[in-house]
Amino acid sequence: MKKTAFITMLTVLGTIFLFADLEVNIPFDQNIVGPSYAEQGDYEYQTDWITLTHTGTGTRTYHFMYTYENLPEEEGWSMSICNPVTCFIPNFQTPIELEPGEVEQIHIVINVTSTNGYSFSFDISDGDLPSPLHYDFTFRTADFTEAAENEIITENFPQLRNFPNPFKSGSVTNIFYNLSDKNTENAKLEIFNIKGQLIEEFSLPPNQSSIQWNGKNKNGIPVTSGTYFYKLSNGKTNLTEKMIIIK
């Protein structure tokens, strides 16, 4: 699948993205089915190379971040997204500097140790623009049935959102989540700036489905307007969303 934007307005599911001079080519289905674990046993799955091409003029720095949900780490699964030189850190924005016409290649590597499946996504953002390009993926072994996948997602996959978003500096936003009581143990919510620096964090007690953030850091100092990311994690699941503070 190829998505291209040349300083144009794109409408996707009612959301308008403004992005400059980047061509993203994903040459495979984003709902990935790997070999049957029952037939093959442990294996490493590698996707084809995704290409990011800077089609404009002048050097531009993009920021890449990926996150995953329901990765069966307790069963020995792991994943990474890498370029030909190094691998990216999950839930952390990594800068990618591209010259005009330059191409960045990335691919996905998944270590499979059981019959199972999970979902993941990545964002590509430009520091000058408020909305990242967002791509969702799923991976499952061929012997992992759709019914089993839906059951696991229903039980374990948390929902995360905040309102209002954007919200004004000096006001508050409510962050909503739907972790079950058994999944709130060790659960926390962290807020990061666009550089990946931790701004604030909250422990999430049982029997609670939202927290309120007043736009201040750990020291009680109001943060500047701009884009921020909030991450929900409980040792099994990581989910990241974006919010914007305006003046």
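The values are calculated or read from the model by the stated rules, or taken from the named source; none is laboratory data. Quick caveat, the model's predicted, so the values are computed rather than measured. FYI the Cβ positions are ideal-geometry reconstructions off the backbone, even for glycines, and counts take in every protein chain you see.
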### Residue list for the range 205-236, restricted to those being within 26 Å of TYR62 (Cα to Cα), assigned to a loop (DSSP other than H, G, I, E, B) and polar (S, T, N, Q)
ASN217, THR224, SER225
### Condition met for LEU232 (under 27 Å from LEU133 (Cα atoms), modelled with pLDDT under 85, out of contact with any Gly (no Cβ under 7 Å at 6 or more places or on another chain) and surrounded by 12 or more Cβ atoms within 10 Å (Cβ to Cβ))
no
#### Entry: Residue under evaluation THR115, criteria (1) under 14 Å from the mean Cα position of the chain (by Cα); (2) modelled with pLDDT of 90 or more, criterion not met
(1)
#### Entry: PHE17 vs. criteria assigned to a loop (DSSP other than H, G, I, E, B) and either surrounded by 11 or more Cβ atoms within 10 Å (Cβ to Cβ) or at pLDDT 50 or above (or both)
no
### Query
Under the condition of being more than 15 Å from PHE163 (Cβ to Cβ) and among the polar types (S, T, N, Q), which residue from the range 173-191 is modelled with the highest pLDDT?
ASN186
### Message
Quick check on the range 217-225. Is at least one of its residues among the β-branched types (Val, Ile, Thr) and closer than 19 Å to MET65 by Cα?
### Response
no
### Task
Report yes if GLY58 is under 19 Å from PHE144 (Cβ atoms) and either surrounded by 16 or more Cβ atoms within 10 Å (Cβ to Cβ) or in the same structural domain as ALA142 (by TED's automatic domain parsing) (or both), otherwise no.
no
### Message
Being over 15 Å from SER171 (Cβ atoms), in contact with a Gly (Cβ under 9 Å, 6 or more places away or on another chain) and free of Cβ contacts under 8 Å to residues at least 60 places away in the same chain narrows it down to one residue among ASN207, ASN217, ASN193; which is it?
### Response
ASN193
### Task
Would you mind stating whether GLU73 is of a type outside the set (Ser, Thr, Tyr), loosely packed, with under 14 Cβ neighbours inside 10 Å and out of contact with any helix residue (DSSP H, G or I) (no Cβ under 8 Å at 6 or more places or on another chain)?
no
### Message
VAL103 - would you say it is modelled with pLDDT of 85 or more, hydrophobic (A, V, I, L, M, F, W, C) and surrounded by 18 or more Cβ atoms within 10 Å (Cβ to Cβ)?
### Response
no
### Query
Restricting the range 30-62 to residues that are of a type outside the set (Ser, Thr, Tyr), at pLDDT below 90 and in a loop (DSSP other than H, G, I, E, B), which is farthest from ILE108 (Cα to Cα)?
GLY58
